[in-house]
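Trainee: Structure in structure tokens, see below.
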Amino acid sequence: MVEIVEARTAEDREAIFALRYAVYVEEMGRTQDHADHERRRVAEPDDAEAHLLLARNASGEAVGTARVHLRDRVPEALAAMYQMQRFERFHPSRTSVTTKLMVHSRYRRSPLALRLAQACYNIGFAAGVSFNFIDCNAHLRSFFLQLGFRQVFPDFSHPNYGRVTPLVLALRDVSYLRRIASPFTLPADKNIEDDSVVFFNELLQQSPQPVEPT
């Protein structure tokens, strides 16, 4: 059994930082600006203002993680990278960013990545967020599209991860999430759709490629 918790202790955080190093540096060979090769950990200044999720198995081993920045805690560099200023009155009061979502290689064929994404969705919804931003490489694009994320802005080159696709999730667009059979657990209240849904649909109409899952 794998449980997902929010990191509350220094031990939890260190387990996350070690997992990042194992996945990003040792497994994938990726450059990490804040990699500590001596201690085999990746901790970033942005972690201080974020919700850090930790997935651990029955043995207590860290096997997954994700990071969520809410509202005015979103780092300026991320806000600029995702063009969040284009979301006008919704940013920063109703926006969030998900980064560092990863699972241990042994759990890649399990539902763990989906469970972590669900946990991120729950954090954002509880905080009144309307739009969540993320980016991914091409091989993960279909996974996030099936969750309900959509592409509004063009791909760009990330300094550490190469060519990535920026994606946006309209958390309150219940009609769309149900239409594509998103696995996110949606509240039963039918009145949660608000002005953010109208705004997002208008933005999508202006986008050159509003991509949906196939």
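The values are calculated or read from the model by the stated rules, or taken from the named source; none is laboratory data. Being a predicted model, the structure only gives us computed values, none of them experimental. Every residue, glycine as well, gets a Cβ built from its backbone with ideal geometry; the counts of neighbours run over all protein chains shown.
Trainee: What are the residues in the stretch 136-181 that are more than 15 Å from ARG86 (Cβ to Cβ) and of a type in the set (D, E, K, R), if any?
Mentor: Applying the first criterion (more than 15 Å from ARG86 (Cβ to Cβ)) to the stretch 136-181 yields 136-149, 155, 157-165, 169, 171-181.
Across the stretch 136-181, the qualifying residues are ARG141, ASP155, ARG163, ARG172, ASP173, ARG178, ARG179.
Trainee: Considering only residues that are among the hydrophobic types (A, V, I, L, M, F, W, C) and either within 17 Å of the chain's Cα centre (by Cα) or within 15 Å of LEU101 (Cβ to Cβ) (or both), which ones fall in the stretch 3-16?
Mentor: Keep residues of the stretch 3-16 that are among the hydrophobic types (A, V, I, L, M, F, W, C), which gives 4-5, 7, 10, 15-16.
Hits for the stretch 3-16 are ILE4, VAL5, ALA7, ILE16.
Trainee: Still on this structure, please answer the following. Hey, can you tell me all the residues within the stretch 117-176 that are assigned to a strand (DSSP E or B), in contact with an Asp or Glu (Cβ under 8 Å, 6 or more places away or on another chain) and surrounded by 18 or more Cβ atoms within 10 Å (Cβ to Cβ)?
Mentor: Those that are assigned to a strand (DSSP E or B), in contact with an Asp or Glu (Cβ under 8 Å, 6 or more places away or on another chain) and surrounded by 18 or more Cβ atoms within 10 Å (Cβ to Cβ): ARG150, VAL164, THR165, PRO166, LEU167.
Trainee: Next question. If GLY60 passes every condition in (1) in a loop (DSSP other than H, G, I, E, B); (2) in contact with a Phe, Trp or Tyr (Cβ under 7 Å, 6 or more places away or on another chain); (3) not hydroxyl-bearing (Ser, Thr, Tyr) but one, which one does it miss?
Mentor: Against the list (1) in a loop (DSSP other than H, G, I, E, B); (2) in contact with a Phe, Trp or Tyr (Cβ under 7 Å, 6 or more places away or on another chain); (3) not hydroxyl-bearing (Ser, Thr, Tyr), GLY60 comes up short only on (2).
Trainee: Restricting to the stretch 23-42, what's the tally of residues that are assigned to a loop (DSSP other than H, G, I, E, B) and either of a type in the set (Val, Ile, Thr) or touching a His at 6+ places or on another chain (Cβ under 6 Å) (or both)?
Mentor: Selection size over the stretch 23-42: 1.
Trainee: Just the residues that are aliphatic (A, V, I, L, M) and either modelled with pLDDT under 95 or surrounded by fewer than 18 Cβ atoms within 10 Å (Cβ to Cβ) (or both), please, taken from the stretch 93-116. Please lay out each step first, then the result.
Mentor: Going residue by residue through the stretch 93-116, those that are aliphatic (A, V, I, L, M) are 97, 101-103, 112-114, 116.
Listed by number, the list holds a single entry, LEU114.
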